[in-house]
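Participant: Handing you a structure now.
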């Protein structure tokens, strides 16, 4: 799975979890750009992403994602080392 | 149920749902739990309004008389101390064998302080077990080990709940054992947000909390209806014969033995057991009489229905004999077709799915926690006997030409007295569980009932038992009279168990309260009917007893009262 595919999967998850069809994720997107994405829903999103890709983030990763792109890169790295 | 659905539920319309106010006092972050409780409550038709105290500020909150907690006036207050914080406290302060006592004192204090400000029920969350990382197995030999002290706290909390009716336990320890530590916790979440549980487990805990709230708000399950073949034993009695059904050590019999043990324990707790099976009755009853490995016997089953009619018709019949709500009944059947039929025709009846493998039946049913309860009285143990006696009476009534003759033949006796220490738990239980013959449906906890009982200036209370030649019904009627003014007694509560309908019990009860009113120089008795979804049967209660209406209030003139005919003698 390449990083574009990962981004589009993530987009689906965000739409589904946050119940908002209008969400369009880009690599630069941050929590500030998505209304429903706050510290509470962050965990909900992370857990849903983990379940979908069957990966597990570390605590530091969960706390440290600066934007969607970083999350996707981390997922890609974990998938390729599987 | 997942968090997405919970979030979706939070946006739904809660109007018309039963309101319950819940406060959460915790030293960990509980936003997820709070959302989950409210979202799951929606599924159970509860509008659970939640107030969360500031994070880790229990002492501050409760010691402030002007705190929002007290203004909020919660029906239930969760007191939820976290296991990691407990552990930190233990090691940081160099605690040993005195730890549990100190912690228990703290719980006592919290309950005392809050109770001195408001009236609320406490739901105290206990602590999960864990291996002792310092002493290892040797912790069992050391009174001052953390694991010993945690177990002591859990026992101490149960003791507290037994001595203080306002306190109950949320068994987190049991829940965490059921789902496992790996599933229950998410260290990353804990470190990032200070929430104790994984999101998935948060939902399980919330479900449990809501079930407990449900039990207190008056909707508990009272009757377990069991299919027989491949539900209570393996195989088909009609085809396989008595020797070949699987129960005990034969085949997968152990799984069925365990289900029977569970059913029996429920019966001893007061849940009524019934059988609903497609079988010839003679075949169906044979194992109950003759099979040495059967745990359940004929005596345990209040209503036994084995025939070839539709199960939903049979369940309706069982309902009519027992005279309880369909929504208090649970039906267990291994056959998906039967389950679906019953669900379709009787949507109020709870019909759990069953796993494929009988070995998984009981663990699965246990995980559903269907039979939550908020009370247990001595009388519960005998409930099946009560209903069996009722079946006998039904038979007898057919042999009398007139109802009057039949009633006379019963030799009914009632004991009437104010509430006392022995009857208070049962009275509270009746106020919480009775839905049909209940004029105002005011729910009281044991604490409330105690308060009313001793408040002689304002209230007078009556409990009524009923016995006849077939058996003892126990305490079946409750009246609470409020002294409104010097002339008027207001009927705050009038409840009667439906199993004594049509026995002239209402007339007997009225005679008793009028007698009291007249003796104490009250001029009138005032009644009120508050309609609910379930108490339609008493809509005309006061009218039928000769009260006259005045703006929704029903008035009875004491001076002109003529004693009603009834066939019950005061003991």
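The values are calculated or read from the model by the stated rules, or taken from the named source; none is laboratory data. Please read these numbers as outputs of a predicted model, since none were measured by experiment. Every residue, glycine among them, receives a Cβ derived from its backbone with ideal geometry; neighbour counts consider all protein chains shown.
Participant: So how many residues does region B:188-242 have that are within 14 Å of another protein chain (Cβ to nearest Cβ) and either crowded, with 20+ Cβ neighbours inside 10 Å or in contact with a helix residue (DSSP H, G or I) (Cβ under 8 Å, 6 or more places away or on another chain) (or both)? So that I can check it myself, show each step before the final result.
Facilitator: Kept after step one, since they are within 14 Å of another protein chain (Cβ to nearest Cβ), are these residues of region B:188-242: B:188-203.
Subsequent filtering for residues that are either crowded, with 20+ Cβ neighbours inside 10 Å or in contact with a helix residue (DSSP H, G or I) (Cβ under 8 Å, 6 or more places away or on another chain) (or both) retains B:188-193, B:195-203.
The total comes to 15.
Participant: Something else about it: Return the residues of region A:44-67 that are closer than 25 Å to residue B:11 by Cα and touching a residue at least 12 places away in the same chain (Cβ under 8 Å); say none if nothing qualifies.
Facilitator: A:44, A:45, A:46, A:48, A:49
Participant: I need a count of the residues in region B:260-289 that are more than 21 Å from the chain's Cα centre (by Cα) and either under 30 Å from residue B:375 (Cβ atoms) or in a strand (DSSP E or B) (or both).
Facilitator: So the count comes out to 6.
Participant: Please give the number of the condition residue B:62 fails out of (1) buried (at least 21 other Cβ atoms within 10 Å of the Cβ); (2) farther than 18 Å from residue A:40 by Cβ; (3) at pLDDT 95 or above.
Facilitator: So residue B:62 meets the others, but not (3).
Participant: Hey, another quick one. Output the number of the condition that residue A:63 fails; it satisfies all remaining conditions of (1) within 11 Å of chain B (Cβ to nearest Cβ); (2) modelled with pLDDT of 90 or more; (3) under 22 Å from residue B:185 (Cα atoms).
Facilitator: If we test residue A:63 against (1) within 11 Å of chain B (Cβ to nearest Cβ); (2) modelled with pLDDT of 90 or more; (3) under 22 Å from residue B:185 (Cα atoms), just (2) comes out false.
Participant: Looking at (1) in contact with a helix residue (DSSP H, G or I) (Cβ under 7 Å, 6 or more places away or on another chain); (2) more than 18 Å from residue B:26 (Cβ to Cβ), can you tell me which one residue B:124 breaks?
Facilitator: (2)
Participant: So residue B:495 ticks every box in (1) at pLDDT below 95; (2) touching a helix residue (DSSP H, G or I) at 6+ places or on another chain (Cβ under 6 Å) but one. Which box is left unticked?
Facilitator: (1)
Participant: Could you say whether any residue in region A:34-52 is on the phi > 0 side of the Ramachandran plot, at pLDDT below 95 and facing another protein chain (nearest Cβ under 10 Å)?
Facilitator: Within region A:34-52 (the criterion being on the phi > 0 side of the Ramachandran plot, at pLDDT below 95 and facing another protein chain (nearest Cβ under 10 Å)), the answer is no, since none of the residues qualifies.
Participant: If I go through region B:205-221 residue by residue, how many of them are in a loop (DSSP other than H, G, I, E, B) and more than 19 Å from residue B:366 (Cβ to Cβ)?
Facilitator: 3
Participant: Restricting to region B:321-359, give me the number of residues that are closer than 18 Å to residue B:271 by Cβ and either outside any loop (DSSP other than H, G, I, E, B) or in contact with a strand residue (DSSP E or B) (Cβ under 9 Å, 6 or more places away or on another chain) (or both).
Facilitator: 16
Participant: Just to be sure, is residue B:385 closer than 17 Å to residue B:219 by Cβ, in contact with a strand residue (DSSP E or B) (Cβ under 9 Å, 6 or more places away or on another chain) and not assigned by TED's automatic domain parsing to the domain that holds residue B:206?
Facilitator: Values: closer than 17 Å to residue B:219 by Cβ: no; in contact with a strand residue (DSSP E or B) (Cβ under 9 Å, 6 or more places away or on another chain): yes; not assigned by TED's automatic domain parsing to the domain that holds residue B:206: yes.
In short, no.
Participant: While we're looking at this one, here's another question. Given the options B:139, B:100, B:111, name the one that is free of Cβ contacts under 8 Å to residues at least 24 places away in the same chain, crowded, with 19+ Cβ neighbours inside 10 Å and either in a helix (DSSP H, G or I) or outside the structural domain of residue B:34 (by TED's automatic domain parsing) (or both). Let's see the steps before the verdict.
Facilitator: On the way: B:100 fails: free of Cβ contacts under 8 Å to residues at least 24 places away in the same chain; B:111 fails: free of Cβ contacts under 8 Å to residues at least 24 places away in the same chain.
Answer to the selection: B:139.
Participant: Considering only region B:243-254, state which residues are within 17 Å of residue B:285 (Cβ to Cβ) and crowded, with 17+ Cβ neighbours inside 10 Å.
Facilitator: Hits for region B:243-254 are B:245, B:247.
Participant: Follow-up. Which residues, taken from region B:292-313, are surrounded by fewer than 18 Cβ atoms within 10 Å (Cβ to Cβ) and part of a loop (DSSP other than H, G, I, E, B)?
Facilitator: B:292, B:293, B:297, B:308, B:309, B:310 - these are the residues of region B:292-313 that are surrounded by fewer than 18 Cβ atoms within 10 Å (Cβ to Cβ) and part of a loop (DSSP other than H, G, I, E, B).
Participant: Can you tell me which condition residue B:554 does not meet? The list is (1) under 32 Å from the mean Cα position of the chain (by Cα); (2) closer than 27 Å to residue B:486 by Cβ; (3) in a loop (DSSP other than H, G, I, E, B), and all the others hold.
Facilitator: So residue B:554 meets the others, but not (3).
Participant: On to the next question. Hey, can you tell me all the residues within region A:70-82 that are surrounded by fewer than 18 Cβ atoms within 10 Å (Cβ to Cβ) and either within 14 Å of chain B (Cβ to nearest Cβ) or closer than 19 Å to residue A:8 by Cα (or both)?
Facilitator: Residues satisfying the conditions are A:70, A:73, A:77, A:78, A:79, A:80.
Participant: Another question, if that's okay. Of all residues in region B:13-57 being within 12 Å of chain A (Cβ to nearest Cβ) and touching a helix residue (DSSP H, G or I) at 6+ places or on another chain (Cβ under 7 Å), which is surrounded by the fewest Cβ atoms within 10 Å (Cβ to Cβ)?
Facilitator: B:31
Participant: Do you know which residues across region B:159-191 are part of a helix (DSSP H, G or I), under 32 Å from the mean Cα position of the chain (by Cα) and either in contact (Cβ under 8 Å) with a residue 24 or more places away in the chain or in the same structural domain as residue B:448 (by TED's automatic domain parsing) (or both)? Write out each step before concluding.
Facilitator: Residues of region B:159-191 part of a helix (DSSP H, G or I): B:159-163, B:172-179, B:181-184, B:187-191.
Still in the list and also under 32 Å from the mean Cα position of the chain (by Cα): B:159-163, B:172-179, B:181-184.
Of everything in region B:159-191, those that are part of a helix (DSSP H, G or I), under 32 Å from the mean Cα position of the chain (by Cα) and either in contact (Cβ under 8 Å) with a residue 24 or more places away in the chain or in the same structural domain as residue B:448 (by TED's automatic domain parsing) (or both) turn out to be B:160, B:161, B:172, B:173, B:175, B:176, B:177, B:178, B:179, B:181, B:184.
Participant: Still on this structure: If only one of B:534, B:564 is closer than 21 Å to residue B:433 by Cβ, assigned by TED's automatic domain parsing to the domain that holds residue B:480 and part of a loop (DSSP other than H, G, I, E, B), which one is it? Steps first, answer last, please.
Facilitator: Working: B:564 fails: closer than 21 Å to residue B:433 by Cβ.
When all the criteria are applied, what remains is B:534.
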